[in-house]
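> Quick one: structure below, then a few questions.
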Amino acid sequence: MAETTIQQHQGEHEAGKLGMWIFLFTELFLFGGLFLVYAVLRATYSADFHRGAEELDAFVGTLNTVILLISSMTVAMSITAIRRKESGKALLLLVTTILLAGLFMVNKYFEWSHKLELKIYPGSPVLENMERGELLFFGLYYMTTGLHALHVLIGMILLTITAAKVRSKQITSESYLLLENGALYWHLVDLIWIFLFPLLYLVT
Amino acid sequence: MEKPGHHILSYNSLLGVLVALLSLTALSVWITNFNFGTLSVGVALLVAAIKGATVLTYFMHLKFESRILKLMVGGVFLLFALVIIITFIDYLLR
Amino acid sequence: MDQTNKYTHTSYLENEGRFKGILSWLLSTDHKRIGLLYMNTIIVFFLVAAVLGLLMRIEKMAPGADIMDAQTYNGVFTIHGIIMIFIIVIPGLAAVFGNFFLPIMIGAKDVAFPKLNLLSWYIYVIGAIMGVLSQFVGGGAPDTGWTFYVPYSAESATNVLFALTAAFILGFSSILTGLNFIVTIHRMRAPGMGWFKMPLFPWSLYATAWIQVLATPIIGITLLLVIAERTLNIGFFDPALGGDPLLFQHLFWIYSHPAVYVMILPAMGVVTEIFPTFSQKPVFGYTAIAISSLAIALVGYFVWGHHMFTSGISYWSRWFFSFLTFIVAVPSAIKVFNWVSTMYGGSIDLKPPLLYAISFIFLFMIGGFTGLALGSLATNVHLHDTSFVVAHFHYIIFGGMGFAFFAGIHYWFPKMYGRMYNIKLANIAWGILFVGFNVLYFPLFIIGLQGMPRRYFDYLPQFETGHFVSSIGAFILFAGLILMLYNLVRSRRKGPWATANPWKGVTLEWQIESPPTHENFETIPEIKHPPYLFKKEND
């Protein structure tokens, strides 16, 4: 009897994980649509896109990349910790991940407010007077980083719930589907940034 | 042979993956000093793709998952690449 | 079938659990109840959209403005399209019969994520309500057509924003259903049911679910971009700001063409279940049908450009899309051959489900062949944006998906409600529907060839006869619909009790009680045979 419950439990874990992966596929295609828009517009206005990218701060972009990569590692480590029954360590790693995510958002906030100070935002007169391609570049910049930041926020909420459940021992080495799925989601946020970063900040 | 999805990655190997990813990030910043002309987007995307594949394989644990899941992930990326290529049959050959 | 006694088991229709009355439905995570929730919602919306369609036909009965002005007409065809496409046919078969029968046919007690399943119904209802509200709130009814083409959809003063958001939300519901079905099929099949022992309706749902998951996000982001265009003045698609309106068409059809296969694949799955049962013969070419579902899903992803032949895409692009459009006809044809071969030499029982299934083949083939006329580059230029296109996609969507829905509901009705409808009345309703359908849509082919544009509320005198005949057909069709629905709705409560297996079907849903119990199966069955083994071969 006990054996069938364990099997059933493993079945649910596998099903839940597969469901998460399929959800990630839809997220990939959501950003994929934006990527396609970027590709087409870039092919049309490559010189303007170069100029646009030069106006972005590559240092902030690189910093945020590093932050996200480290946070991706900490969340992966928290799975290792929980499976080794070190739930205190798992909690610590999760909290680190959430703090790093917060740091990413703080950076993003300063980056965006700097742009707003320069009056570069969709519909602003400054932008309207730029080349068409630059205008579209900044439109894409706001759209992609905005949508990505939204995903960072959702990820933070998801990981906070997970951390609470690790703390209250609802997530254990026997049952850690939520942690695994939360981590998968967080890696996706990282994965998307890995592609956004060079396309927006580096290709100058 | 372990069952798929049951491998536990050690802290050290995860740290190793992070070091690799950070080096690739440094590489992608460093190569902006060189002018590849029209290829620059391609080079940047190539580095990003290697980084992305690393995240998928180790952080997202794909290396240790079932074959069907690997097939799905591969299929999804292939499908997306085809969509891009087919769209560009229009844009590049007008 | 003449069983006079009520069944003795506790069916899913009877309450079990905490809630009573309407709440026991609205909060149920039982896949069968959710299937019925979808069905009832869809029928209500279908009637609304059908009445709108009828109004358009009345308007076009005679030249000039008869019952509405041009702007109202624009609003009516837009909302008719939005309701029919996003609220009815895209969820349609998968959400109703997929929810109800997928778990049963693969020998499971429920879908993989029952709560998510209920959530997706709620999301669907919110989206549907927003779609309807867009008609009444601010700015006036949207007038862009269901395709939301920019730049007009970014400029129109009407309430496009609401309609865009509605479509976005409905897409989310569709994704969740698809996700649920993929995991269900992967993880929940009964022991012994290998992939190629699975019935063909689940196969078609599997292919459909992948399209839902992988195509819908593209329309999601596209609608989001149009919303941003309207609210933030971003300009990706606006030529005045340097944007590219053709890019919108690409993105829109990258989703909306595969969406056609979201509509038609489950329809094909339904009739594939019906032909063997009513011929009492195993399905012909099981593997070919299963694989062709996947092939249609895959190739169907790469033909979106055939909606844009006259939009100014490159020559090679047109060539490529036209070529693939012809390729995608091949797996569809394979299915048609297999259905006909299934019937060949079988002991055919001409009951309402089979009548609908056969007329599905007939109408689907007319729709398919005219599709090839539209898929050819030369003829497309002549036919683009004429009522020929309108007739073509109504033959596919209504004649195909719609008739398959009717076939499915007549096939599974006794299982879903444990009662039988009036077969004679169902046959008569089928006859009226079939005649009405052809009288309504066939003339549109002819006047389309002669140059009648689509989406016009008025027309030149030479098209008068065609429009008049077509409008007569609309009334006949509507009468048939009412009769069919009357028969079904009445029989839900008043029909004679049905046996567990009135049609002598062999798939799993016919091996359990009618209506099914809450748990479907007392013990999960072990599968030893391929799905379509009829008695004769068994003995």
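> Please work out which one of (1) within 14 Å of chain C (Cβ to nearest Cβ); (2) open to solvent by less than 10 Å² (accessible area, probe 1.4 Å); (3) among the polar types (S, T, N, Q); (4) farther than 30 Å from C:Pro239 by Cα is the condition A:Thr162 fails and give its number.
(1)
> Can you pull out every residue in the range C:438-479 that is touching a Phe, Trp or Tyr at 6+ places or on another chain (Cβ under 8 Å) and closer than 18 Å to C:Leu55 by Cβ?
C:Tyr441, C:Leu444, C:Arg455, C:Phe457, C:His467, C:Ser470, C:Gly473, C:Leu477, listed by residue number.
> Let me ask you something else. For the range C:9-35, which residues satisfy the criterion of being among the hydrophobic types (A, V, I, L, M, F, W, C) and closer than 16 Å to C:Ala108 by Cα? Give the derivation first.
As a first pass, look at the range C:9-35 and keep what is among the hydrophobic types (A, V, I, L, M, F, W, C): C:13, C:19, C:22-23, C:25-27, C:34.
The one that is among the hydrophobic types (A, V, I, L, M, F, W, C) and closer than 16 Å to C:Ala108 by Cα: C:Ile34.
> Also, quick follow-up: Please verify whether the range C:349-369 includes one or more residues that are farther than 30 Å from C:Lys424 by Cα and assigned to a helix (DSSP H, G or I). Explain how you work it out, then say what you get.
In the first step, residues of the range C:349-369 are kept if they are farther than 30 Å from C:Lys424 by Cα; the result is C:368-369.
Then drop every residue that is not assigned to a helix (DSSP H, G or I), which leaves C:368-369.
Yes, there is a match, as at least one residue in the range C:349-369 is farther than 30 Å from C:Lys424 by Cα and assigned to a helix (DSSP H, G or I).
> Something else: Under the condition of being buried (at least 17 other Cβ atoms within 10 Å of the Cβ) and over 24 Å from the mean Cα position of the chain (by Cα), which residue from the range C:17-60 is farthest from C:Phe437 (Cα to Cα)?
C:Ser28
> Find the residue count for the range A:20-34, including only residues that are more than 19 Å from B:Leu56 (Cα to Cα) and touching a residue at least 12 places away in the same chain (Cβ under 8 Å). Walk me through how you get there before you give the answer.
As a first pass, look at the range A:20-34 and keep what is more than 19 Å from B:Leu56 (Cα to Cα): A:33-34.
Retained after the next criterion (residues that are touching a residue at least 12 places away in the same chain (Cβ under 8 Å)): A:34.
Here the count works out to 1.
> Of the residues C:Ser471, C:Ser514, only one is more than 19 Å from C:Ile366 (Cα to Cα), among the polar types (S, T, N, Q) and assigned to a loop (DSSP other than H, G, I, E, B); which?
On the way: C:Ser471 fails: assigned to a loop (DSSP other than H, G, I, E, B).
Going through C:Ser471, C:Ser514 in turn, just one is more than 19 Å from C:Ile366 (Cα to Cα), among the polar types (S, T, N, Q) and assigned to a loop (DSSP other than H, G, I, E, B): C:Ser514.
> Name the single residue, out of those in the range C:63-105 being outside any helix (DSSP H, G or I) and among the β-branched types (Val, Ile, Thr), that is most open to solvent (accessible area, probe 1.4 Å). Lay out the reasoning, then the answer.
Our first condition is that a residue be outside any helix (DSSP H, G or I); within the range C:63-105, this holds for C:63-69, C:90-91.
From what's left, among the β-branched types (Val, Ile, Thr): C:67, C:90.
Working: C:Ile67: 91, C:Ile90: 9 Å².
Across the range C:63-105, the extreme among qualifying residues is C:Ile67.
Residue-by-condition table, conditions (1) buried (at least 16 other Cβ atoms within 10 Å of the Cβ); (2) under 21 Å from C:Ile34 (Cα atoms):
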residue	(1), (2)
C:Asn487	yes, no
C:Arg493	no, yes
C:Asn501	yes, no
C:Val506	yes, no
C:Trp510	yes, yes
C:Ser514	yes, yes
C:His518	yes, yes
C:Glu522	no, yes
C:Pro531	yes, no
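> Please tell me if C:Leu265 is modelled with pLDDT of 95 or more, away from chain B (no Cβ under 14 Å) and assigned to a helix (DSSP H, G or I). Reasoning before the result, please.
Values: modelled with pLDDT of 95 or more: yes; away from chain B (no Cβ under 14 Å): yes; assigned to a helix (DSSP H, G or I): yes.
Considered against the rule, which asks whether it is modelled with pLDDT of 95 or more, away from chain B (no Cβ under 14 Å) and assigned to a helix (DSSP H, G or I), C:Leu265 comes out as yes.
> Is there a residue being surrounded by fewer than 17 Cβ atoms within 10 Å (Cβ to Cβ), part of a helix (DSSP H, G or I) and polar (S, T, N, Q) anywhere in the range A:129-151?
no
> Here's another thing I want to ask about it. On the given criteria, is C:Trp503 in a helix (DSSP H, G or I) and within 25 Å of C:Ala190 (Cα to Cα)?
Taking the combined requirement at face value, the residue does not satisfy it.
> Filter the range C:410-456 down to the residues that are surrounded by fewer than 18 Cβ atoms within 10 Å (Cβ to Cβ), more than 25 Å from the chain's Cα centre (by Cα) and in contact (Cβ under 8 Å) with a residue 60 or more places away in the chain and list them by number. Can you show your working first?
Step one: list which residues in the range C:410-456 are surrounded by fewer than 18 Cβ atoms within 10 Å (Cβ to Cβ), which gives C:423-425, C:427-428, C:431, C:435, C:442, C:446, C:449-451, C:453-456.
Going one step further and asking which of them are more than 25 Å from the chain's Cα centre (by Cα), we end up with C:424, C:446, C:449-451, C:453, C:456.
Of everything in the range C:410-456, those that are surrounded by fewer than 18 Cβ atoms within 10 Å (Cβ to Cβ), more than 25 Å from the chain's Cα centre (by Cα) and in contact (Cβ under 8 Å) with a residue 60 or more places away in the chain turn out to be C:Leu449, C:Gly451, C:Pro453.
> Taking the stated definitions as given, is C:Ile296 closer than 25 Å to C:Ala357 by Cα and open to solvent by 30 Å² or more (accessible area, probe 1.4 Å)? Talk me through it step by step, then tell me what you get.
On the way: closer than 25 Å to C:Ala357 by Cα: yes; open to solvent by 30 Å² or more (accessible area, probe 1.4 Å): no.
The answer is no for C:Ile296.
> Open to solvent by 40 Å² or more (accessible area, probe 1.4 Å) and more than 23 Å from C:Val506 (Cα to Cα): does that describe C:Met365? Explain how you work it out, then say what you get.
Details: open to solvent by 40 Å² or more (accessible area, probe 1.4 Å): yes; more than 23 Å from C:Val506 (Cα to Cα): yes.
When the stated conditions are applied, C:Met365 passes them.
> How many residues, within the range B:67-76, are surrounded by 15 or more Cβ atoms within 10 Å (Cβ to Cβ), within 11 Å of chain C (Cβ to nearest Cβ) and within 18 Å of C:Ile211 (Cβ to Cβ)?
Going through the range B:67-76, the residues surrounded by 15 or more Cβ atoms within 10 Å (Cβ to Cβ) turn out to be B:69-70, B:72-73, B:76.
Pick out the ones that are also within 11 Å of chain C (Cβ to nearest Cβ) and you get B:69, B:72, B:76.
This time we only want the ones that are within 18 Å of C:Ile211 (Cβ to Cβ), so: B:72, B:76.
Looking only at that region, the number is 2.
> Does A:Ser124 meet the test of being open to solvent by less than 60 Å² (accessible area, probe 1.4 Å) and either out of contact with any Leu (no Cβ under 7 Å at 6 or more places or on another chain) or without any contact (Cβ under 8 Å) to a residue 60 or more places away in the chain (or both)? Steps first, answer last, please.
Details: open to solvent by less than 60 Å² (accessible area, probe 1.4 Å): yes; either out of contact with any Leu (no Cβ under 7 Å at 6 or more places or on another chain) or without any contact (Cβ under 8 Å) to a residue 60 or more places away in the chain (or both): yes.
Judged against the criteria, A:Ser124 is a match.
> Moving on to the next point. Does B:Phe64 qualify as being farther than 19 Å from A:Ser78 by Cβ and either more than 10 Å from chain A (Cβ to nearest Cβ) or without any contact (Cβ under 8 Å) to a residue 40 or more places away in the chain (or both)?
On the way: farther than 19 Å from A:Ser78 by Cβ: no; either more than 10 Å from chain A (Cβ to nearest Cβ) or without any contact (Cβ under 8 Å) to a residue 40 or more places away in the chain (or both): yes.
Answer is no for this residue.
> Kindly indicate whether any position in the range B:77-93 is hydroxyl-bearing (Ser, Thr, Tyr), farther than 28 Å from A:Lys85 by Cα, part of a helix (DSSP H, G or I) and open to solvent by less than 30 Å² (accessible area, probe 1.4 Å). Steps first, please.
Kept after step one, since they are hydroxyl-bearing (Ser, Thr, Tyr), are these residues of the range B:77-93: B:87, B:91.
Then keep just the ones that are farther than 28 Å from A:Lys85 by Cα; that gives B:87, B:91.
Checking which are part of a helix (DSSP H, G or I) leaves us with B:87, B:91.
Still in the running and open to solvent by less than 30 Å² (accessible area, probe 1.4 Å): B:87.
Among the residues of the range B:77-93, at least one is hydroxyl-bearing (Ser, Thr, Tyr), farther than 28 Å from A:Lys85 by Cα, part of a helix (DSSP H, G or I) and open to solvent by less than 30 Å² (accessible area, probe 1.4 Å), which makes the answer yes.
> Sticking with this structure for a sec: Out of the residues in the range A:53-67 meeting the condition of being more than 10 Å from chain B (Cβ to nearest Cβ) and part of a helix (DSSP H, G or I), tell me which one is surrounded by the most Cβ atoms within 10 Å (Cβ to Cβ).
Per the stated criteria, the residue is A:Asn64.
> Can you name the residue in the range A:5-19 that is in contact (Cβ under 8 Å) with a residue 12 or more places away in the chain and open to solvent by 30 Å² or more (accessible area, probe 1.4 Å) and is also farthest from the other protein chains (Cβ to nearest Cβ) among such residues?
For the range A:5-19, the residue satisfying everything is A:His9.
> I would also like to ask the following. Quick check on the range C:457-467. Is at least one of its residues β-branched (Val, Ile, Thr) and surrounded by fewer than 16 Cβ atoms within 10 Å (Cβ to Cβ)? Break it down into steps so the answer makes sense when it comes.
Step one: list which residues in the range C:457-467 are β-branched (Val, Ile, Thr), which gives C:465.
Okay, now just the ones that are also surrounded by fewer than 16 Cβ atoms within 10 Å (Cβ to Cβ), so C:465.
Yes.
> Got a sec? Which of C:Ala163, C:Ala215, C:Ala207, C:Ala190 is open to solvent by less than 10 Å² (accessible area, probe 1.4 Å), farther than 30 Å from C:Ala141 by Cβ, assigned to a helix (DSSP H, G or I) and not β-branched (Val, Ile, Thr)?
Values: C:Ala163 fails: farther than 30 Å from C:Ala141 by Cβ; C:Ala215 fails: farther than 30 Å from C:Ala141 by Cβ; C:Ala190 fails: assigned to a helix (DSSP H, G or I).
So the residue among C:Ala163, C:Ala215, C:Ala207, C:Ala190 that is open to solvent by less than 10 Å² (accessible area, probe 1.4 Å), farther than 30 Å from C:Ala141 by Cβ, assigned to a helix (DSSP H, G or I) and not β-branched (Val, Ile, Thr) is C:Ala207.
> Report, by residue number, each residue of the range B:47-61 that is among the hydrophobic types (A, V, I, L, M, F, W, C), free of Cβ contacts under 8 Å to residues at least 24 places away in the same chain and not in a loop (DSSP other than H, G, I, E, B).
B:Val47, B:Ala48, B:Ala49, B:Ala53, B:Leu56, listed by residue number.
> Going through the range A:20-40 one residue at a time, which ones are facing another protein chain (nearest Cβ under 7 Å) and closer than 16 Å to B:Thr87 by Cβ?
A:Phe29, A:Gly32, A:Gly33, A:Leu34, A:Leu36, A:Val37, A:Ala39, A:Val40
> Just to be sure I understand, how many residues within the range C:138-193 are within 27 Å of C:Asn99 (Cα to Cα) and within 14 Å of chain A (Cβ to nearest Cβ)? Break it down stepwise before answering.
Step one: filter the range C:138-193 for residues within 27 Å of C:Asn99 (Cα to Cα), giving C:146, C:163-193.
In the following step, the residues that additionally are within 14 Å of chain A (Cβ to nearest Cβ) were identified as C:168, C:171-191.
So the count comes out to 22.
> Please indicate, with yes or no, whether at least one residue in the range C:233-254 is within 20 Å of the chain's Cα centre (by Cα), facing chain A (nearest Cβ under 9 Å), in a helix (DSSP H, G or I) and more than 23 Å from C:Ala357 (Cα to Cα).
Within the range C:233-254, the first condition is being within 20 Å of the chain's Cα centre (by Cα), and the residues that meet it are C:252-254.
After this cut, where a residue has to be facing chain A (nearest Cβ under 9 Å) as well, the list is C:254.
Filter once more, so that each one left must be in a helix (DSSP H, G or I): C:254.
Next, from what is left, pick out any that are more than 23 Å from C:Ala357 (Cα to Cα): C:254.
Yes, there is a match, as at least one residue in the range C:233-254 is within 20 Å of the chain's Cα centre (by Cα), facing chain A (nearest Cβ under 9 Å), in a helix (DSSP H, G or I) and more than 23 Å from C:Ala357 (Cα to Cα).
> Given the conditions (1) modelled with pLDDT of 95 or more; (2) more than 14 Å from every other protein chain (Cβ to nearest Cβ), report the number of the one that A:Leu179 does not fulfil.
(2)
The values are calculated or read from the model by the stated rules, or taken from the named source; none is laboratory data. In this text, all values refer to a predicted model and were calculated from it rather than measured experimentally. For neighbour counting, all protein chains shown are included, and Cβ atoms are generated from backbone atoms with ideal geometry for every residue, glycine included. Note: areas computed on protein heavy atoms with side chains; ligands, DNA, RNA excluded. Shrake-Rupley method; radii C 1.70, N 1.55, O 1.52, S 1.80 Å.
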